[in-house]
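Structure, as structure tokens:
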Amino acid sequence: MGYVLPGLSVLMGLYWAVKAFGYRLWVLNGPGGGLFPLIAGILAIIFGVVMIMRRYRTKKKSDFSVKSIFPVVSVIGIIIASYIIGLIPSLGVFIIAWMVFYEKEPWLKSTAVGIGTALVFYLVFDLWLAVPLPMGLFELI
Amino acid sequence: MKRIRMMVLLAAVLISMMPLMAQGNSDIAEDGTFHMSKEARIIVPANPGGGSDISARMIADISNRNHLAEKNLVVENRPGGACAVGYNYVGSQKGDPYTLLSLHSGNIIVSAVNGWEQQWDDLTDIIAIMAWDDVTLCVRTDGPFSTIDDVIEYAKANPGKLKFGSDQRGNTSQLGFELMKKYIGIDMNYVQYDSSGDVASALLGGHVDVGILNPGECIGQVRGGLLKPVVTFAPERISGDLFGDAPTFVELGYPEISYREFRGLSGAKDMPPAALQYYEDLCRKIVETDEWKTTYLEANNLQPAFMAHDEAMEFTREHVEQVMQTFEEVGYFDLLN
Amino acid sequence: MENIALLMHGFAIAFSLENMAAAIFGAVAGLIIGAMPGLGGITGVSLLLPLTFGMNPTTAIIALAGLYYSTMYGGAFSAILLNIPGDSPAIVTSLDGYKLTQKGLPGKALNASTVSSFIGGTIGIIILTISGPLLAEAGLAFGAPELALLVLFALTSIGWLLGDDIPAGLLATAIGLMFATIGVDPALGQTRFSFGQINLLSGVSFIPLVVGFFGFSQVIDMIISGEDGAVATKVRIRDCVPTGKEIKMMLPVSIREGIIGTFVGVMPGAGATTSAFLSYIIEKRINKHRDEIGTGSMIGVAAPESSNNAAAAGAFAPLLTLGIPGGATTAVLLGGLMMWGLQPGPLLFTEQPDFVWSLIASMYIGNVICLILAFICIPILVRAISVSKKVLVPIIIAVCVIASYANSNAMFDVVLMLICGILGYLMKLADVPTTPMLLTFVLAPMLEQYVRQSFDMTRGNPSIFFRGGICWFFIVLILLVSFSPLIKNFYLKMKDKKAN
């Protein structure tokens, strides 16, 4: 997995460097919108390749774990759920679910933490700061 | 535990649905007039504290305090994408009579010049233009120039030397620059900054020779004797002592150099005509209040204006036309890919 | 000493019940907002500004200014305890602060940050009181070419942070530069790399980026490393209190960097992040204990914290004396002044002396309130992170989501945060440091803008970069930084030869 980032950087670098010419390198007597992206792209390609080669030579293994996928999946779940039941309830439900199913904590404690956090979010973001939070289907009401 | 949560949830759903059931689904009365049944939101496509935010809050405050509308107006900031996020959000609420937008002509120009897929008039309907935000050219008081003639004379004698401090390219400030270049026949350097605060800062430090600013953005420095407005881009002089001495380009014999920025209220595209009429009347009531005239117009050095929907749409289209044509002529779009 | 008399008058107003309540409210709110991962000064001021509409301007500014510099205290908390900077000025604080936490000394790091924040903030306010207008004048001397060279100097000094792994650091810089070029280009105003997203038209927002790269990737790391237990084990209060020796070590650092921070804060647009970073690398160069900086040293916490608090105070000088913003947060405050019906400008001091001087007085008071509040919070905070990871992890994930959302009220920013989090985790797997990436992301757009402005001024003549003493000063510094490894090598070789 240690190869993913340098590899990705090389690809991104190529994209940036190619697109840079379209944004112009020098325009109206000064550096154009493409100059910095070109520098960024070239740096990314060079040092991406250097990192890949070095890793290949040292044969260093990265300590990747499948568990790292759980938080990512959780956030995707929260985003989807927020369109149905609203953002704050989604976050509360997520905390409870995480603690019960992943951490194997008791229901009561998990529910308390989940509802408590959701309540604090509600007080701070909705009541106090008046952030327009997604309400999901509640918005129809 | 689970059951209690379910019951609470159910109760909450039922309670919050009650007004919906009582209200029915149409806000248009039998005689065809519109009546507000809930709060309306004014979307500000920028952060709090900016010009669009202040005007939206003024409109909401005056309306709410004097009960000019049946329900309250509330302000909601949706910044990002130079105003594209706010505009597209309002566009997504097509037909909704409860989504309004703080109108600033600069944002409309951005939509046209940047060639958005959906233009300002695809996303919104202008309800009313409510104030002119005129544009002036300022110099430093202790700098080499004291009148617009000095500036023009210097620019004519030294082509490509005068540093013209302005906003980012592709907006109304560039229009002023291009019009001056074309009709006076002078060659200047366009130096672009992120905000008008940065323009004022560079002008004070002597890093640029002239700066293009709205009166509201430099009134403190003008009163303090640090900056001086030498000319205004509006067709008529700005009222008041501070800016009243600055002539217009029309007076100077350049009738083509004339444009104004403006502020007001827009709404979601295709809201019912009765609702549009309702908000138009509301805007008319607001601009007639003393609070609007003193705490908003005077304090921010804006000029009074009122144009209702039809006239405002027509006026705005002409303004956009002027900008696009000028930018086309100077080859701005050829520079972009 | 007319200023002192006016300041005393200001104190009289600031001590009114209403204004004291506003100051305390601002300080508490700022500490909470600052301590929330990802929420900092700009967000706090922007979110609270609408609430002050229609308030008495003096009370309103006291609350908001209190909030602004108290976020500087709070921002360091999450940087130190969780390695998630609350705001861009705290990026540098996390370098040594989190290492101290990992060593089991979170209390020491928090105390070092609080004490130095107080010292730096106070120095900034004193300088502001004595010579505000002069200071603002001095800031005006920095035009685009000078600022370009200043930022370039900061960027070239990132090398000092890289340690031995230069390619990894440079890859991080490249990634930061790529993210920085998303959005409007400073030459023509055209949109770059927006991938058809309207939310990217004006670039990547800092908050989702930092929450993702630091916060979210940190959470992934927490899940994987160590099956259970807390982030830091139980901490004894005894370990929190700095020793006399440590205070002696930090005091000169805080004073020195407080003065530097004030001056950097005054420069238009440079701001607290640049100052925190410059202070850190200055100490890394000149401090007696420089070898410890970067491995979890209290000096590495004290230098940036003193500096960014001083910069927050310094940024008020151009705002109050000239009516121009010193940085992003003061730009929002400038809007606030107009919203409350004041006209910011040089006459503010003479026409609204009550407003200006009670604001300055309230800054002294607010700083003390922040100090006391922070001292109360530290034992609680230290205990809070001793909470089991089982509870902490889901809460941090939830905070990451809501903080990103509140940035611009858009779900897009949550998605962006997620992408940045995954990238941040991949960087960890590839042993690429995130800090140079973040600093480049903050600094590079400034450099691009200033360079473009400089060329605009002279129509492409680069001689403007050599136009005066300030320019030459930075050019010499940049050359020294760039070639110092060579000079050092040469010197060592000569020494070897002599020894032979």
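The values are calculated or read from the model by the stated rules, or taken from the named source; none is laboratory data. Source: prediction; values computed, not measured. FYI the Cβ positions are ideal-geometry reconstructions off the backbone, even for glycines, and counts take in every protein chain you see.
Wholly within the range B:28-108, which strands (runs of 3 or more DSSP E) include no fewer than the required count, namely at least 1 residues that are surrounded by fewer than 22 Cβ atoms within 10 Å (Cβ to Cβ) and not basic (K, R)?
Filter on the range B:28-108 gives B:73-77.
Residues that are within 22 Å of C:S279 (Cβ to Cβ): which helices (runs of 4 or more DSSP H) entirely in the range C:397-500 hold 1 or more of them?
C:435-458, C:469-499
Right, A:A97: in the same structural domain as A:T117 (by TED's automatic domain parsing) and either basic (K, R) or in contact with a Ser or Thr (Cβ under 9 Å, 6 or more places away or on another chain) (or both) or not?
Criteria met by A:A97.
Within the range C:450-500, how many residues are closer than 30 Å to A:L28 by Cα and small (G, A, S)?
Here the count works out to 5.
Before we move on, is A:R55 within 30 Å of C:M457 (Cβ to Cβ) and not β-branched (V, I, T)?
No.
Just one of A:T111, A:T58 is over 30 Å from C:L49 (Cα atoms), at pLDDT below 90 and more than 9 Å from chain C (Cβ to nearest Cβ); which is it?
Every option except A:T58 fails the conditions.
Quick one: which helices (runs of 4 or more DSSP H) lie wholly within the range C:308-374 and hold at least 3 residues that are within 23 Å of the chain's Cα centre (by Cα) and touching a residue at least 60 places away in the same chain (Cβ under 8 Å)?
C:316-321, C:328-339
What's the number of the condition A:V27 fails, among (1) facing chain C (nearest Cβ under 8 Å); (2) under 25 Å from C:I422 (Cα atoms); (3) in contact with a Gly (Cβ under 8 Å, 6 or more places away or on another chain)?
Status for A:V27: all satisfied but (2).
Among the residues of the range C:405-427, write down those that are β-branched (V, I, T) and within 8 Å of another protein chain (Cβ to nearest Cβ).
C:V414, C:V415, C:I422
Output yes when any residue across the range A:18-40 is of a type in the set (S, T, N, Q), outside any helix (DSSP H, G or I), surrounded by fewer than 21 Cβ atoms within 10 Å (Cβ to Cβ) and in contact with an Asp or Glu (Cβ under 9 Å, 6 or more places away or on another chain), and no when none is.
The answer is yes, given that some residue of the range A:18-40 is of a type in the set (S, T, N, Q), outside any helix (DSSP H, G or I), surrounded by fewer than 21 Cβ atoms within 10 Å (Cβ to Cβ) and in contact with an Asp or Glu (Cβ under 9 Å, 6 or more places away or on another chain).
Would you check which residues across the range B:203-214 are surrounded by fewer than 24 Cβ atoms within 10 Å (Cβ to Cβ) and either among the basic types (K, R) or under 28 Å from B:E298 (Cβ atoms) (or both) and list them?
Once the filter is applied, which keeps residues that are surrounded by fewer than 24 Cβ atoms within 10 Å (Cβ to Cβ) and either among the basic types (K, R) or under 28 Å from B:E298 (Cβ atoms) (or both), the range B:203-214 yields only B:N214.
Hand me the list of helices (runs of 4 or more DSSP H) wholly inside the range C:136-240 holding 2 or more residues that are crowded, with 22+ Cβ neighbours inside 10 Å and at pLDDT 85 or above.
Of the helices (runs of 4 or more DSSP H) lying wholly inside the range C:136-240, those with at least 2 residues that are crowded, with 22+ Cβ neighbours inside 10 Å and at pLDDT 85 or above span C:144-156, C:166-180, C:206-210, C:217-224.
Does C:A384 satisfy being within 14 Å of chain B (Cβ to nearest Cβ) and more than 30 Å from A:G2 (Cα to Cα)?
no
Mind checking which pairs have a first residue in the range C:171-192 that is over 11 Å from C:T440 (Cβ atoms) and within 7 Å of another protein chain (Cβ to nearest Cβ) and a second that is assigned to a loop (DSSP other than H, G, I, E, B) and basic (K, R), Cβ under 8 Å, 6 or more apart or different chains?
Every condition considered, the pairs that remain are C:A187/A:R24; C:A187/B:R169; C:L188/A:R24; C:L188/B:R169; C:G189/B:R169.
When residues of the range B:287-319 are filtered for being basic (K, R) and either without any contact (Cβ under 8 Å) to a residue 24 or more places away in the chain or in contact with a Pro (Cβ under 8 Å, 6 or more places away or on another chain) (or both), how many remain?
Here the count works out to 1.
Given the conditions (1) more than 17 Å from C:L95 (Cβ to Cβ); (2) in contact with a Gly (Cβ under 7 Å, 6 or more places away or on another chain), report the number of the one that C:S275 does not fulfil.
In the conditions (1) more than 17 Å from C:L95 (Cβ to Cβ); (2) in contact with a Gly (Cβ under 7 Å, 6 or more places away or on another chain), C:S275 misses (1) alone.
Determine which member of the set A:I80, A:I42, A:I46 is closer than 30 Å to C:P186 by Cα, more than 7 Å from every other protein chain (Cβ to nearest Cβ), of a type in the set (A, V, I, L, M, F, W, C) and out of contact with any Leu (no Cβ under 9 Å at 6 or more places or on another chain).
Selected residue: A:I42, the only one of A:I80, A:I42, A:I46 that is closer than 30 Å to C:P186 by Cα, more than 7 Å from every other protein chain (Cβ to nearest Cβ), of a type in the set (A, V, I, L, M, F, W, C) and out of contact with any Leu (no Cβ under 9 Å at 6 or more places or on another chain).
I need the helices (runs of 4 or more DSSP H) fully contained in the range C:1-112, keeping only those with at least 1 residues that are within 22 Å of the chain's Cα centre (by Cα).
C:17-35, C:41-48, C:57-82, C:91-102
List the residue pairs whose Cβ atoms are under 6 Å apart, where the first residue sits in the range B:55-71 and is in contact (Cβ under 8 Å) with a residue 40 or more places away in the chain, the second is surrounded by fewer than 18 Cβ atoms within 10 Å (Cβ to Cβ), and the two are 6 or more positions apart or on different chains.
Listed pairs, sorted by first residue: B:I62/B:T289; B:I62/B:E291; B:L68/B:K285.
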